[in-house]
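Input: a single structure, listed below in structure tokens.
The values are calculated or read from the model by the stated rules, or taken from the named source; none is laboratory data. Because the structure is a prediction, the values reported are computed rather than measured. Note: ideal-geometry Cβ built from the backbone for every residue, glycine included; neighbour counts use all protein chains shown.
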Amino acid sequence: MKNNRVDFSAAVENEMRLILPSLSVNEGMARASVSAFCAQLNPTALELADIKCAVSEAVTNCIVHAYREAAGEIVIDVKLCEGRLIQIEIRDRGCGIENVKQAREPLFTTDAAGERSGMGFTVMESFCDELRVSSRPGKGTTVTLLKRLHK
Amino acid sequence: MIKKNERVDYETRGESLVVHIGGEIDHHSAVEVRTGIDEKILAERPSRVMLELSAVDFMDSSGLGLIMGRFALVKQYGGTLCVLDPSLAVMKMIKLAGMERMVTILRSKGKE
């Protein structure tokens, strides 16, 4: 965990919600839509690439793990806050994570046969300033990505 | 903006099978791409497989699974696998996973 924890009380200047079925064909659409919405803050190409990648990981987790390739709903809330702070919340009502601490460890995966690398949370953590994961087994998971853009 | 992202081409260079992959590699495209690649690899059993990734403009951790899965497949019959000319997006993932210690990365002349 980084020292400079992001201030959640920052005022929201613009926001959008994306609701999509858990189909893998939507992964590209989800990251492209979030990235297009964030583009109004003039992020660098590198910052946008990081956001796309982190969103892609979170959405893939919903499809592969939370819903186990079955039908379900994924809700993505993007908030652009004062101070060039982007908050992206990705929610599912899937199976939930029994042990979040273990799931966040690099290379940990429950689906090696599916060629999952176990790097999803590590990517989100590395490409954002802060990652919060709250999960209730049987109820679902909420992943919050915080990214502060350059001034 | 949203395109049919998987582009795979094959080329034989001596003992090596070069697999050119372009576009976006995510969970969706990786599942489709790997089926074709595995059929080709198992049919030809080349002594070396080179994954040429210079035209990959997006890759998430699903791409790491794709590379490691082919690495394991080729190793089964005694072949080797390397990554050729990884794009910036690919290299960023490889470095994050510390994968450059496991898989050989080659760069063509002029692309060092």
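Between residues in the range B:90-112 that are more than 22 Å from B:ASP60 (Cβ to Cβ) and residues that are outside any strand (DSSP E or B), which pairs lie under 6 Å by C-beta distance while being six or more apart or on different chains?
Once the first residue is more than 22 Å from B:ASP60 (Cβ to Cβ) and sits in the range B:90-112, its partners that are outside any strand (DSSP E or B) give B:ARG107/B:ASP85; B:SER108/B:ASP85; B:LYS111/B:ASP85.
Regarding the range B:73-94, can at least one residue be identified that is within 11 Å of chain A (Cβ to nearest Cβ) and more than 30 Å from A:SER35 (Cα to Cα)?
yes
Taking the condition of being outside any helix (DSSP H, G or I) and under 18 Å from B:GLU32 (Cβ atoms), how many residues in the range A:21-37 meet it? Before you say what the answer is, go through the steps one by one.
Let us first name the residues in the range A:21-37 that are outside any helix (DSSP H, G or I), namely A:21-25.
Keeping just the survivors that are under 18 Å from B:GLU32 (Cβ atoms) gives A:22-25.
Number satisfying all stated conditions: 4.
If I ask for residues that are touching a residue at least 24 places away in the same chain (Cβ under 8 Å) and within 14 Å of chain B (Cβ to nearest Cβ), which ones from the range A:12-27 would you list?
Within the range A:12-27, A:LEU18, A:LEU20, A:PRO21, A:SER22, A:LEU23, A:SER24, A:ASN26, A:GLU27 meet the criteria.
Quick check on my filter: what residues within the range B:25-40 are within 14 Å of another protein chain (Cβ to nearest Cβ) and either more than 20 Å from B:LEU88 (Cα to Cα) or touching a helix residue (DSSP H, G or I) at 6+ places or on another chain (Cβ under 7 Å) (or both)?
The first filter runs over the range B:25-40 and keeps only residues within 14 Å of another protein chain (Cβ to nearest Cβ), leaving B:25-35, B:37-38.
B:ILE25, B:ASP26, B:HIS27, B:HIS28, B:ALA30, B:VAL31, B:GLU32, B:VAL33, B:ARG34, B:THR35, B:ILE37, B:ASP38 - these are the residues of the range B:25-40 that are within 14 Å of another protein chain (Cβ to nearest Cβ) and either more than 20 Å from B:LEU88 (Cα to Cα) or touching a helix residue (DSSP H, G or I) at 6+ places or on another chain (Cβ under 7 Å) (or both).
Among the residues of the range B:58-74, is any closer than 22 Å to A:VAL64 by Cα, touching a helix residue (DSSP H, G or I) at 6+ places or on another chain (Cβ under 9 Å) and part of a strand (DSSP E or B)?
yes
Do you know which residues across the range B:77-112 are polar (S, T, N, Q) and surrounded by 11 or more Cβ atoms within 10 Å (Cβ to Cβ)?
As a first pass, look at the range B:77-112 and keep what is polar (S, T, N, Q): B:80, B:87, B:104, B:108.
B:THR80, B:SER87, B:THR104, listed by residue number.
Residue-by-condition table, conditions (1) farther than 30 Å from B:LEU73 by Cβ; (2) buried (at least 20 other Cβ atoms within 10 Å of the Cβ); (3) among the acidic types (Asp, Glu):
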| site | (1), (2), (3) |
| --- | --- |
| A:ASP77 | yes, no, yes |
| A:GLY83 | yes, no, no |
| A:ASP92 | yes, yes, yes |
| A:VAL100 | yes, no, no |
| A:GLU115 | no, yes, yes |
| A:GLY120 | no, yes, no |
| A:ASP129 | yes, no, yes |
| A:VAL143 | yes, yes, no |
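All but one of (1) loosely packed, with under 15 Cβ neighbours inside 10 Å; (2) within 14 Å of another protein chain (Cβ to nearest Cβ); (3) at pLDDT 95 or above hold for B:ILE67; which doesn't?
B:ILE67 satisfies all of (1) loosely packed, with under 15 Cβ neighbours inside 10 Å; (2) within 14 Å of another protein chain (Cβ to nearest Cβ); (3) at pLDDT 95 or above except (1).
Any residue in the range A:69-85 that's within 15 Å of A:ALA54 (Cβ to Cβ): show its pairings with residues that are among the hydroxyl-bearing types (Ser, Thr, Tyr) and surrounded by 12 or more Cβ atoms within 10 Å (Cβ to Cβ) at Cβ separation under 7 Å, as long as the two are six or more apart or on different chains.
A:ILE74/A:SER22
From the list B:GLU24, B:GLU32, which residue is crowded, with 22+ Cβ neighbours inside 10 Å, among the charged types (D, E, K, R) and within 25 Å of A:VAL123 (Cβ to Cβ)? Before the answer, list the steps.
Details: B:GLU32 fails: crowded, with 22+ Cβ neighbours inside 10 Å.
Result: B:GLU24 is the single residue among B:GLU24, B:GLU32 that is crowded, with 22+ Cβ neighbours inside 10 Å, among the charged types (D, E, K, R) and within 25 Å of A:VAL123 (Cβ to Cβ).
Evaluate the range A:83-98: report whether one residue or more is within 16 Å of A:MET29 (Cβ to Cβ), at pLDDT 95 or above and touching a Cys at 6+ places or on another chain (Cβ under 8 Å).
As a first pass, look at the range A:83-98 and keep what is within 16 Å of A:MET29 (Cβ to Cβ): A:88, A:90.
Going one step further and asking which of them are at pLDDT 95 or above, we end up with A:88, A:90.
With touching a Cys at 6+ places or on another chain (Cβ under 8 Å) added as a condition, the list becomes A:90.
There is at least one residue in the range A:83-98 that is within 16 Å of A:MET29 (Cβ to Cβ), at pLDDT 95 or above and touching a Cys at 6+ places or on another chain (Cβ under 8 Å).
Check B:LEU51, B:LEU81 and return the single one that is part of a strand (DSSP E or B) and out of contact with any helix residue (DSSP H, G or I) (no Cβ under 6 Å at 6 or more places or on another chain). Even if it seems obvious, please write down each step before you answer.
Details: B:LEU81 fails: out of contact with any helix residue (DSSP H, G or I) (no Cβ under 6 Å at 6 or more places or on another chain).
B:LEU51 is the lone residue from the list that is part of a strand (DSSP E or B) and out of contact with any helix residue (DSSP H, G or I) (no Cβ under 6 Å at 6 or more places or on another chain).
I need the full set of residues from the range B:41-55 which are more than 22 Å from B:LEU88 (Cα to Cα) and either over 13 Å from the mean Cα position of the chain (by Cα) or of a type in the set (Asp, Glu) (or both), in order please. Spell out the reasoning first.
Step one: filter the range B:41-55 for residues more than 22 Å from B:LEU88 (Cα to Cα), giving B:41-48.
Those that are more than 22 Å from B:LEU88 (Cα to Cα) and either over 13 Å from the mean Cα position of the chain (by Cα) or of a type in the set (Asp, Glu) (or both): B:LEU42, B:ALA43, B:GLU44, B:ARG45, B:PRO46, B:SER47.
Scan A:SER117, A:SER126 and give me the residue that is without any contact (Cβ under 8 Å) to a residue 12 or more places away in the chain, within 14 Å of chain B (Cβ to nearest Cβ) and within 15 Å of the chain's Cα centre (by Cα). Working first, answer last.
Numbers: A:SER117 fails: within 15 Å of the chain's Cα centre (by Cα).
Criteria check complete, one pass: A:SER126.
Taking the conditions exactly as written (part of a helix (DSSP H, G or I) and either within 8 Å of chain A (Cβ to nearest Cβ) or not hydroxyl-bearing (Ser, Thr, Tyr) (or both)), does B:ALA43 satisfy them or not? Break it down into steps so the answer makes sense when it comes.
Working: part of a helix (DSSP H, G or I): yes; either within 8 Å of chain A (Cβ to nearest Cβ) or not hydroxyl-bearing (Ser, Thr, Tyr) (or both): yes.
Criteria met by B:ALA43.
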